[in-house]
Amino acid sequence: MVGFPPFHKEIFMYIVAPLIYFERQSTRINLIGKRLRQILETAVLLVIVGTVFAGFSVSLLGILLALAFLMGALSTPTDATATESVLEGLIVPERQENILKMESLFNDASGIILVTAMALWVKNGQFNYQQTFFDFLRSAGGGIIIGIMAALVMISFRQFLGRINHDAYNAQILLFVSTPFFIYFIAEELKVSGIIAVVCAGLMQNSESVRSRFITPRQFHNGLVLLRLLRELLNNTIFVILGLLVVRIIRDDLIIGNTNSQWIVIGILLYITNLLVRYLYGLFSKMGNKGSIIFALGGVRGAVTLALVYMIINNVSSAQFDMIVLAEMLVIILSMVVPSIVFRFILNYDMSRREAGKQVQRLRQEMVKEGLKAVEKIYLPEKIRESVVYDLRDQKSTNSFADFWHQWAKASRYPEFNEQEKELEQRALLWAFQAERQYLDMVSQKENRRDYLFEFYNEILLAESILLNTENEY
């Protein structure tokens, strides 16, 4: 590729595939049946209409119709994570919030299918309806079949392993992480859509998780923590790669003297066209003027768009790919920046969250205070009492930097507690945690703040889990 850094699509797609798989695991598969009409309207009809309007609009700039439709298809799917980040801290009308959430959960699948069809059009050079339909049916349909079959095999194997060996934590985690790679590899080797395969498998994985929480609770909890970590890492990795790619493309263009800025016009046109289509859909759905504006601006693009862009690298020329990357990058930036500004003027801040922050801090202080009171009422040797009080004060982050280094020096210099002292320390902490839970029980009957009260419960139970861990060396 002239003026473009070496890029291996296969490596990048092995980053995208697990991200899409893990994101689909947060979606209940029964939502497809319960909200089928809403899903069909926003995740299918809106994507198709947006692609058609955007495609014809871009073609007016002299871009080949097939390439214009491909760029239109790439710009339509929204991203759940990006949407949540833009709307965070704002009060969004319930109807718009629900529709945006459902749309972002399902329209990536329809976007993948549509992009696959448009990419075949660009690659073949003409829109052969029969050939394109056959290729599309083989790629998308095959991906669905492979995804479902592979998911059933992996789910059955994991369930079998969990029932014959309750201690197979590491094996289960390894299977969990490797599943999307395995499914994507099998699908691509069979020349069908690996991305569609992992989407289907991820949806099926959700139902397995719902009905397998308590076979091995520790493994399930570790899986949730790992899932959040992997999603964040993969999301950030994709955007880092995009940033590096964009900088290199622009740098190489400047070096060879290519000052073509057509991608800027294309990116702005794609965004405005999609914005208009979404606004008209809002009016058609009787959301009202303000509701339609919220829905139109709420369609934020993110990692899904980037994943789709890299899917088509082998279907377009080097120059076309450069232009597509830059144009879609601009669409992503506009879809994040514009609503972040406009929503500040048309939506109210969620003041309850700010107040909740103060309430959380107050409740945490009171909760730990109850634990400390409970410890004061029981006999403990001074060195054990000091250790217990330090641990409890750590719950509310009131130990100073000097306190930490003092405790670190003692832990490094003096021998650890003997078995009797360890048991005494453990009982004292459990007694304190019990007092903290009782306080939360009392508060829960007075304050309607279940969300962060449950968060406190979770922290205490995790602390007890660490304390009761038989393999604990701390």
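The values are calculated or read from the model by the stated rules, or taken from the named source; none is laboratory data. It should be emphasised that the depicted structure is a prediction, and the values quoted were computed from it without experimental measurement. Counting neighbours? That spans all protein chains shown, and the Cβs are built from the backbone with ideal geometry, glycine included.
Computed values, structure above
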| read-out | value |
| --- | --- |
| Within region 164-198, tally of residues that are in a loop (DSSP other than H, G, I, E, B) and within 28 Å of residue 214 (Cβ to Cβ) | 4 |
| Of residues in region 401-415 being within 26 Å of residue 366 (Cβ to Cβ) and loosely packed, with under 10 Cβ neighbours inside 10 Å, the one farthest from the chain's Cα centre (by Cα) | 402 |
| Residue within region 204-223 that is over 17 Å from the mean Cα position of the chain (by Cα) and within 24 Å of residue 86 (Cβ to Cβ) present | no |
| Count of region 188-207 residues which are farther than 17 Å from residue 307 by Cα and either buried (at least 16 other Cβ atoms within 10 Å of the Cβ) or in contact with a Gly (Cβ under 8 Å, 6 or more places away or on another chain) (or both) | 7 |
| All positions within region 279-313 that are assigned to a helix (DSSP H, G or I) and over 23 Å from the mean Cα position of the chain (by Cα) | 279, 280, 281, 282, 283, 284, 288, 289, 290, 291, 292, 293 |
| Filter result (charged (D, E, K, R), over 19 Å from residue 77 (Cα atoms) and crowded, with 18+ Cβ neighbours inside 10 Å) within region 282-330 | 322 |
| Test: residue in region 287-296 that is closer than 30 Å to residue 70 by Cβ, touching a Ser or Thr at 6+ places or on another chain (Cβ under 9 Å) and not charged (D, E, K, R) | yes |
| Residue in region 87-108 that is touching a Gly at 6+ places or on another chain (Cβ under 7 Å), β-branched (Val, Ile, Thr), assigned by TED's automatic domain parsing to the domain that holds residue 234 and in contact (Cβ under 8 Å) with a residue 12 or more places away in the chain present | no |
| Checklist (1) assigned to a helix (DSSP H, G or I); (2) crowded, with 22+ Cβ neighbours inside 10 Å applied to residue 78, failing item | (1) |
| Selected residue [closer than 24 Å to residue 176 by Cα and in a helix (DSSP H, G or I)] from 72, 142 | 142 |
| Residues of region 48-105 satisfying the condition of being over 17 Å from residue 307 (Cα atoms), under 19 Å from the mean Cα position of the chain (by Cα) and small (Gly, Ala, Ser) | 85, 89 |
| Contacts under 7 angstrom Cβ, first residue in region 413-427 being in the same structural domain as residue 380 (by TED's automatic domain parsing), partner polar (S, T, N, Q) and assigned to a helix (DSSP H, G or I), 6 or more apart | 425/387 |
